[in-house]
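The values are calculated or read from the model by the stated rules, or taken from the named source; none is laboratory data. Since the model is a prediction, treat every value here as computed from it, not as a measurement. In this analysis, Cβ positions are derived from the backbone assuming ideal geometry, glycine residues included, and neighbour counts consider all displayed protein chains.
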Amino acid sequence: EAGVTQFPSHSVIEKGQTVTLRCDPISGHDNLYWYRRVMGKEIKFLLHFVKESKQDESGMPNNRFLAERTGGTYSTLKVQPAELEDSGVYFCASSQVGRYSPLHFGNGTRLTVT
Amino acid sequence: GQNIDQPTEMTATEGAIVQINCTYQTSGFNGLFWYQQHAGEAPTFLSYNVLDGLEEKGRFSSFLSRSKGYSYLLLKELQMKDSASYLCAYSNAGNMLTFGGGTRLMVKP
């Protein structure tokens, strides 16, 4: 089966600009998650979709971040306007329904804000 | 602050055995997961423990003690390709994972 795919793999933008990251989960996975790893830190949870509904967005840093999952398939994460501290690797993961279903991660999008 | 800890770096020799420890503190614990991540790639699932004890999967085994908030990942017959970061993470309600900082394992010939 195809894995979780993320686009773009790298993005370099200037402070104040907008960037949209895309994630295509594994087909049939209702759960979709966004995580972020800032340089030198651990991977941190951002939010969780179940199908098209936001189940938990407690990890979203502030209102400059907007995630959507229209139709319950792919998801986008928009950062507007980007700040320097938003630089990092943004990972998307998906899983099947089930309490212990492992998360399958994409390769991530490396975002650099200059 | 961070409530899940694992060593930052470890070095081991090809063919040897290495144990990577992880300690955590949380309420509402659902399970403990281990992931492997090579540089620039996606974290890939290795194992999970829900109940106390040892789970064996080929060369990799993972152990959990819920009362002690402790887990370890055991890698046997180390190969050069095992050089990677190993991420410990616990899950709580909603399958949200909280990750440690990762242990960077270097396997030397």
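Within the stretch B:31-62, the set of residues being assigned to a loop (DSSP other than H, G, I, E, B), more than 23 Å from A:Pro25 (Cα to Cα) and in contact (Cβ under 8 Å) with a residue 12 or more places away in the chain comprises B:Val50, B:Leu51, B:Asp52, B:Arg59.
Residue-by-condition table, conditions (1) under 22 Å from B:Gly40 (Cα atoms); (2) surrounded by fewer than 18 Cβ atoms within 10 Å (Cβ to Cβ):
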| site | (1), (2) |
| --- | --- |
| A:Thr18 | no, yes |
| A:Ser27 | no, yes |
| A:Arg36 | yes, no |
| A:Leu46 | yes, no |
| A:Glu52 | no, yes |
| A:Arg69 | no, no |
| A:Ser75 | yes, no |
| A:Gln80 | no, yes |
| A:Ala93 | yes, no |
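If you scan the stretch B:11-30, which residues turn out to be part of a strand (DSSP E or B), surrounded by 17 or more Cβ atoms within 10 Å (Cβ to Cβ) and either within 11 Å of another protein chain (Cβ to nearest Cβ) or not hydroxyl-bearing (Ser, Thr, Tyr) (or both)? B:Ala12, B:Val18, B:Ile20, B:Cys22, listed by residue number. Determine, yes or no, whether A:Gln55 is of a type outside the set (A, V, I, L, M, F, W, C), modelled with pLDDT under 95 and at negative phi. When the stated conditions are applied, A:Gln55 passes them. Of all residues assigned to the stretch A:33-51, none qualifies as being away from chain B (no Cβ under 11 Å) and of a type in the set (Gly, Ala, Ser).
Among the numbered conditions (1) within 14 Å of chain B (Cβ to nearest Cβ); (2) assigned to a strand (DSSP E or B); (3) basic (Lys, Arg), the only one that A:Lys78 does not meet is (1).
When residues in the stretch B:81-94 are screened for being buried (at least 18 other Cβ atoms within 10 Å of the Cβ), more than 11 Å from the chain's Cα centre (by Cα) and at pLDDT 95 or above, 2 of them pass.
For the stretch A:81-99, the condition of being more than 11 Å from chain B (Cβ to nearest Cβ) and more than 30 Å from B:Thr8 (Cβ to Cβ) holds for at least one residue. Could you go through the stretch A:67-82 and let me know if any residue there is aliphatic (A, V, I, L, M) and in contact with an Asp or Glu (Cβ under 6 Å, 6 or more places away or on another chain). Yes, the stretch A:67-82 contains a residue that is aliphatic (A, V, I, L, M) and in contact with an Asp or Glu (Cβ under 6 Å, 6 or more places away or on another chain).
Note on the stretch B:15-37: residues that are modelled with pLDDT under 95 and either more than 13 Å from B:Tyr90 (Cα to Cα) or polar (S, T, N, Q) (or both) amount to 4. Consider B:Gln36 against the criteria (1) within 30 Å of A:Ser9 (Cβ to Cβ); (2) surrounded by fewer than 19 Cβ atoms within 10 Å (Cβ to Cβ): it satisfies all of them except one. Which criterion is unmet? Of the numbered conditions (1) within 30 Å of A:Ser9 (Cβ to Cβ); (2) surrounded by fewer than 19 Cβ atoms within 10 Å (Cβ to Cβ), the odd one out for B:Gln36 is (2). Within the set B:Leu78, B:Leu54, B:Leu73, B:Leu97, the sole residue that is within 14 Å of the chain's Cα centre (by Cα) and more than 29 Å from A:Leu47 (Cα to Cα) turns out to be B:Leu54.
Among the residues here, A:Lys44 does not qualify as in a strand (DSSP E or B), farther than 22 Å from B:Leu97 by Cβ and within 13 Å of the chain's Cα centre (by Cα).
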